[in-house]
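Colleague: I'd like to ask some things about the structure below.
Only the coordinates and a few stated rules stand behind these numbers; no lab work does. The shown structure was predicted, so the numbers you read here are calculated from the model rather than taken from an experiment. Here Cβ is always computed from backbone atoms with ideal geometry, including for glycine, and neighbour counts include all displayed protein chains.
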Amino acid sequence: MASPEGEQQMSSPTDDPRARNPLGRRVWAVAALTLALACAVLLGLFDGGASGPAAPRDTLRLALSSTPHASLLHLAAARGYFAEEGLDVALLPASHGKAALDLLAQGKADLAAAAEVPFVIAVLKGEPLGIAASIASVSTEMAVIARRDRAIGAPRDLVGKRVGVTPGTSGDYFLWAFLIHNKLAPDAITMVDVPPGRIVHDLSEGRVDAASTWEPIKHGAQSALQGNAVSFVEPDAYLVTHVVVGRSDFLKTHAAAVQKLIRATLKAERFTRTDPQRAHAQIAEQLKIAPQALQPNWADLDLRVELHQSQLVTLEDEARWAITRGYAGRRDVPNFLPHLYLDALLAVQPERVTVVH
């Protein structure tokens, strides 16, 4: 029978097997040290890997217009999507897409955003350019804005009138398509070369009777003329598509940077879908225009990153028009397939590419 003293006896330190076994103590010490080192490594990884080499960043000079067509690129910059993808982008503002392509041709930009028409004309002149993606399309924003006090109330009243337009732009192509759609000969009007920045002024001052243009110039012209304005649109005449363009050699040698740009632009597209009101407000802020100036065609503006087979047909049609207008350096329609740079979008989101290749 155990004594009461034995029941109260405490176990001595030597009862711990680790204390009696020196080898066991060393194993536990090694295990503790290994655990500590593992924690340190994990903390270093989650702390951004400050001790390791930083991920490489790419730089791009991007020329783009201050128009709604470049909205996805403006959003990607404003919301930090370029930076998230490891891309440092310098935005080079231009009045319109053709001016952005001019910066590309002068070597002042690596990529440019423009409508297809000036891209087609540049290719016809021998520029080695490629389209990395289309980023916007719309069929309702182009319009011929005319003065009612010049006896213009219907498209046929444009015959014999002076119509302002910027040659070699989507406004130029739309005017031609608009006249053909309304069974009017293109030479039935007098075309007047007016830069985009002067269209509202020249129209409001009466130096031209009408003008073919795009947003936000279209809204500015309507506001300037107020009740004296009449607007002609033809949604079935022309689907305007804006694209990201680069020199073919640049697109191939900077594939990683172009893919980063595509991923950032796709993020901007998703934002316009999930929060259209905030996207609308932020784009207006970036373009430095009033939200109401952006509103008229906002719902019709399809901001989507893609490359479609049908684009080749449009490029060929625009090439025939440019050759007829005398804008081209050649008389034959080229094969535009080599001028579509498919690799970046195929690498990032291949289902967006329907071009047969």
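Colleague: For a Förster distance of 41 Å, can you work out the FRET efficiency between the beta-carbons of Ala185 and Arg57, rounded to the nearest 0.05? Write down the numbers at each step before the final one.
Modeller: Details: r = 55 Å, r/R0 = 1.33.
Efficiency for this residue pair is about 0.15.
Colleague: Estimate the FRET efficiency between Val159 and Asp88 by the formula 1/(1 + (r/R0)^6), using the beta-carbon distance for r and 45 Å for R0, to the nearest 0.05.
Modeller: Numbers: r = 53 Å, r/R0 = 1.17.
Working from the Cβ atoms, E equals 0.30.
Colleague: How high is the relative contact order of region 143-232? Use alpha-carbon pairs under 8 Å, at least six apart in sequence, and give a whole percent.
Modeller: Values: 145 pairs, mean separation 42.7, N = 90.
That works out to 47 percent.
Colleague: Placing unit charges on C-beta atoms (Lys and Arg positive, Asp and Glu negative, everything else neutral), compute the dipole magnitude of region 234-354 about its Cα centre in debye, rounded to 20. It would help to have the intermediate numbers written out before the result.
Modeller: On the way: 15 positive and 15 negative charges, 101 e Å.
Dipole size: approximately 480 debye.
Colleague: Can you sort Asp317, Asp300 from fewest to most other Cβ atoms within 10 Å of each residue's own Cβ?
Modeller: Details: Asp317 16, Asp300 12.
The most exposed by this proxy come first: Asp300, Asp317.
Colleague: Could you give the distance between the Cα centres of region 56-70 and region 214-282, to the whole Å?
Modeller: That distance is 12 Å.
Colleague: OK, next. Give the cross-link partners of Lys98 among the lysines, using a straight C-alpha distance below 27 Å as the criterion and excluding same-chain residues fewer than 8 apart.
Modeller: Result set, ordered by chain and number: Lys108, Lys125, Lys161, Lys218, Lys252, Lys260, Lys267, Lys288.
Colleague: Any chance you could list the semi-axes, whole Å, largest first, of the equivalent ellipsoid that the Cα gyration tensor gives for region 158-279, using √(5λ)?
Modeller: On the way: eigenvalues 236, 73, 41 Å².
Working through the eigenvalues yields semi-axes of 34, 19, 14 Å.
Colleague: Of all trypsin sites (Lys or Arg not before Pro) in region 261-307, which ones are in loop regions per DSSP and have a Cβ with at most 15 other Cβ atoms within 10 Å? The partial results should precede the final answer.
Modeller: Numbers: sites: Arg263, Lys267, Arg270, Arg273, Arg278, Lys288, Arg304; in loops: Lys288, Arg304.
Loop-located and lightly packed - Lys288.
Colleague: Here's something else I'd like to know. What value does region 241-357 have for Rg/Rh, both radii from Cα atoms and Rh as Kirkwood defines it? Don't skip to the answer; put the middle values down first.
Modeller: Details: Rg = 17.1 Å, Rh = 16.6 Å.
Here Rg/Rh amounts to 1.03.
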